[in-house]
Amino acid sequence: MSGGLFSTGAPRRGALGDEAMLPLVNVVLLLLVFFMVAGSLRPPEAFPLDPARAEGEAVGAAGPLRVSLSADGRVALGGQSLTRDALMAQVPRGAAVLLRADAGAAASAALGLARGLQEAGARRVDLLVLTP
Amino acid sequence: MTLESPFAIARPRRPLVTLTPLIDVVFILLVFFMLATAFIEEQRLPLGGTGDAPSIDAPPLQVYLRTGDVQLGGVAMPLERAAAEVAGAGRPVVLEPAPGVPVQRLAEALAALRRAGVTAVAVAAGEPGR
């Protein structure tokens, strides 16, 4: 007896019971295809933060390096929290960096981090914003 | 009486391939994609670098960004007016945020300059990279 999600333990009615589930399978499959096609997978985040809201340019399909800056000054590379020195050491030369700064962080801190990233070899740094 | 294999099906009338395990797997996949999918649209605002900002041979205009207004050439004015004036001047812009200005305000200023058509925007780093 397969302990499936929909098995009730009641005696199986054979092929008839399975055929009754076909519309459910159809709907679930359609939902699955919708989520796979319409959405994009969320990149990992080291800590939750709230990016600024503004109109910007579209982010390219090729995912650039994501650097996060929290309101209290913590930094992360991708989904990994690390110190500022370790971050600067890990930035590849010529990388395009997307700076994911909290809306409440100090602008001077974000710009200081952006300049540090450029000195560490980043080719360009962009501020990530969300559409308002 | 033959020896029963451990995989023998108890009810001989049960079909070989049943739908229930398929539904289980599809349901788990569905839940995974629902949780892992992001629909929020992300956009970017250039913070300079050797990006695609064209270089203009003219002395840059200094825009000092404060929380309530901006200072352009020592004159306080709203952000939108400064953006329009800078766009009319056709000179590159150096945007410098005052201490304590949040990233949200910086993003608004960059977006306003972009809306006004100013392409050559440099951002003066407040504090040096630590």
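Every number in this text was worked out from the coordinates using simple rules, so none of it is lab data. Keep in mind that what you see is a predicted model, and the values were worked out from it rather than measured. Here Cβ is always computed from backbone atoms with ideal geometry, including for glycine, and neighbour counts include all displayed protein chains.
Taking Lys and Arg as +1 and Asp and Glu as -1, the other residues whose beta-carbon sits under 11 Å from that of A:Gln80 total 0. With a Förster radius of 35 Å applied to the C-beta separation of A:Leu30 and A:Ser81, the computed FRET efficiency comes to 0.35.
Order by neighbour count: A:Phe47, B:Phe39, B:Phe33, fewest other Cβ atoms within 10 Å first, most last.
B:Phe39, A:Phe47, B:Phe33
Between B:Val17 and B:Thr37, the distance separating the two model label sites (each 7 Å from Cα on the Cα→Cβ line) works out to 2.6 nm.
Between A:Ala89 and A:Ala58, the contour length at 0.36 nm per residue exceeds the Cα-Cα span by 8.3 nm. The local environment of A:Arg66, defined by Cβ-Cβ distances under 12 Å, has a net charge of 0 under the rule Lys, Arg +1 and Asp, Glu -1. Only residues of the range B:92-109 count here: report those whose backbone N is under 14 Å from the spot 7 Å along Cα→Cβ of A:Asp72, or say none. Counting backbone N atoms under 14 Å from the label point, the list is empty.
Distance from the C-alpha centroid of the range B:61-130 to that of the range A:57-120: 21 Å, rounded to the whole angstrom.
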